[in-house]
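Enquirer: The structure under discussion is supplied below as structure tokens; questions concerning it will follow.
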Amino acid sequence: MTELRDKPGLSRAPVIVGCGSIEWQWYCHLNPRIYSIDDYGFSSYLDSVTEEVLMRLLMKILIPAKQGDIAVADESMPAVLNAFIAAADPESSYFYLENGKRAAIFIFEEKRQDKLMAYNEKFFAKLDAAIWITPVLNHKELQKHL
């Protein structure tokens, strides 16, 4: 695994043990108040954090054409999308085509990781969707840490 702390200018960037996502490591570097770094440069979530921390996430779903056609015909696609939007309350939602497949991007904030499984399972079961989720920052948040 490439460690961000080995890169110039990021000598104290945390490394998440067991997590290979460079994006997640970068997010943790930009949000150090909830992570501690031990003498070896490894980080862990602070169990003593009492406030709930919102994390802004980008979720991309890609729905295969055949399953999408079935979901539109039996009206399960709008039901799944509306249920997700009601539960996650995304700040923005975009729908488009990607390589001939139906696609959507949602930007939302979440406090609890276990809710992601509930969101994902509906997209998997009803729409056979491929799902990508990654933490994101807006420009103002990024500027605070640069």
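Derivation of every value follows stated rules applied to the coordinates shown; laboratory data play no part. Remember, predicted model here, so these are calculated numbers, not experimental data. With ideal geometry, Cβ positions are generated from the backbone for all residues, glycine too; neighbour counts draw on all protein chains shown.
Enquirer: Within region 65-146, considering only helices (runs of 4 or more DSSP H) that don't extend past its boundaries, which have at least 1 residues that are more than 22 Å from MET55 (Cα to Cα)?
Expert: 65-73, 76-88, 114-127
Enquirer: Right, next: Tell me yes or no: at least one residue of region 106-118 is at positive phi and exposed (fewer than 15 other Cβ atoms within 10 Å of the Cβ).
Expert: no
Enquirer: With the requirement that a residue be surrounded by 13 or more Cβ atoms within 10 Å (Cβ to Cβ) and either in contact with a Phe, Trp or Tyr (Cβ under 9 Å, 6 or more places away or on another chain) or under 18 Å from PRO135 (Cβ atoms) (or both), what does region 84-105 give you?
Expert: PHE84, ILE85, ALA87, ALA88, PRO90, SER93, ARG102, ALA103, ALA104, ILE105 - these are the residues of region 84-105 that are surrounded by 13 or more Cβ atoms within 10 Å (Cβ to Cβ) and either in contact with a Phe, Trp or Tyr (Cβ under 9 Å, 6 or more places away or on another chain) or under 18 Å from PRO135 (Cβ atoms) (or both).
Enquirer: Sticking with this one: Only residues that are surrounded by 11 or more Cβ atoms within 10 Å (Cβ to Cβ), of a type in the set (A, V, I, L, M) and in a loop (DSSP other than H, G, I, E, B): list them for region 50-64, please.
Expert: Scanning region 50-64 gives a single hit, VAL53.
Enquirer: Okay, moving on. List the pairs whose first member sits in region 123-134 and is surrounded by 14 or more Cβ atoms within 10 Å (Cβ to Cβ), whose second member is hydrophobic (A, V, I, L, M, F, W, C) and in a loop (DSSP other than H, G, I, E, B), and whose Cβ atoms are under 8 Å apart, counting only residues at least 6 apart or on separate chains?
Expert: Partner pairs satisfying both residue conditions: PHE123/ALA129.
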